[in-house]
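A short write-up of the structure that comes next.
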Ligand SMILES: [Zn+2]
């Protein structure tokens, strides 16, 4: 991508001075290529999984600066990028000892000098489970506790239950909680940002409607409650070379080698970007 939406050329030389630290989860690695190699071959088995366009997109500094500008966070590159970013599913307030408890992962989390964002990528995946479906899929008491925990991470006044949140997409709720947890870690009281990156030209109506429903619920608890939620729709088509691997049962070797060395699998179109308000 050539656009950077920089907020003024006076900051241009700073681009060169920002070094991006790369993490797989919370484990630091030397560079982007190293992080790509941490993924299991299963996670990068299929070329159409959203992790593939996400990693390619994330690996390009121009895209990170573009995102920073869109979020009003300046024109510098990210200071830190985490892929598979973990947030604990419980806390002391939930009766769990500090540092204990299972973690849930977001696709990526980015820190900039002036803020942060959690990224969620979607490509050809079908619509994810609703909160109601997720609650039914395991021990109910435990899952209700986890849901309540995501609620109080999103905002101290927030009480999430199967009744008020059942129709939402579970993953959207979790990403909102992750974004708030990340933002609080950067600066107490700051607001999180969640960016949903929708790659490819599939119909995302249900996905977007569910995000609007989440936003409406949050606003019911107060105008500034929870993260800002953004939608970036990015046309993505497989390039000629990649098309040869489209039907591979296991394309992981090709995917890892290509992405880790800065190669392309997808051609991206100019993104559209808007807030779910
Ligand atoms: Zn908690």
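Values as computed for the structure displayed
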item: 231, 214 arranged by Cβ crowding within 10 Å, fewest neighbours leading; result: 231, 214
item: Residue 275/residue 103 FRET efficiency (R0 41 Å; Cβ-Cβ; nearest 0.05); result: 0.90
item: Paired Rg and Dmax values of segment 28-91, which use every Cα atom, in angstrom; result: 13.7, 36
item: The chain - mean residue ellipticity at 222 nm from DSSP helices (-39,500 (n - 2.57) per run, n ≥ 4, rounded to 500); result: -10000 deg cm²/dmol
item: Alpha-carbon Debye profile of segment 78-215, log10 I(q)/I(0) at 0.15 Å⁻¹; result: -0.75
item: Proportion of all alpha-carbon pairs of segment 143-218 beyond 16 Å (%); result: 51 percent
item: The chain, Rg to Rh (Cα coordinates; Rh as Kirkwood inverse mean 1/r); result: 0.96
item: Beta bridges by DSSP in the chain, antiparallel share as percent, to the nearest 5; result: 60 percent
item: Segment 37-107 and segment 132-150: distance between their alpha carbon centers, rounded to Å; result: 23 Å
item: Tilt relative to the chain, helix 61-70 - C-alpha long axis, 0 to 90 degrees, to 10; result: 40 degrees
item: Helix axis angle, 170-186 relative to the chain longest principal axis, alpha carbon, degrees; result: 80 degrees
item: Principal axis box of segment 227-277, alpha-carbon based, largest edge first, Å; result: 40, 22, 21
item: Two-decimal Rg/Rh across segment 178-277, once Rg and the Kirkwood Rh are taken from alpha-carbon atoms; result: 1.10
item: Distance between segment 166-197 and segment 226-277 - C-alpha centres, whole angstrom; result: 23 Å
item: Fewest-first ranking of 44, 119, using other Cβ atoms within 10 Å as the exposure measure; result: 44, 119
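Any read-out appearing in this document is the output of simple, stated calculations on the displayed coordinates, not a laboratory observation. Keep in mind the model is a prediction, meaning the values are calculated, not measured. FYI the Cβ positions are ideal-geometry reconstructions off the backbone, even for glycines, and counts take in every protein chain you see.
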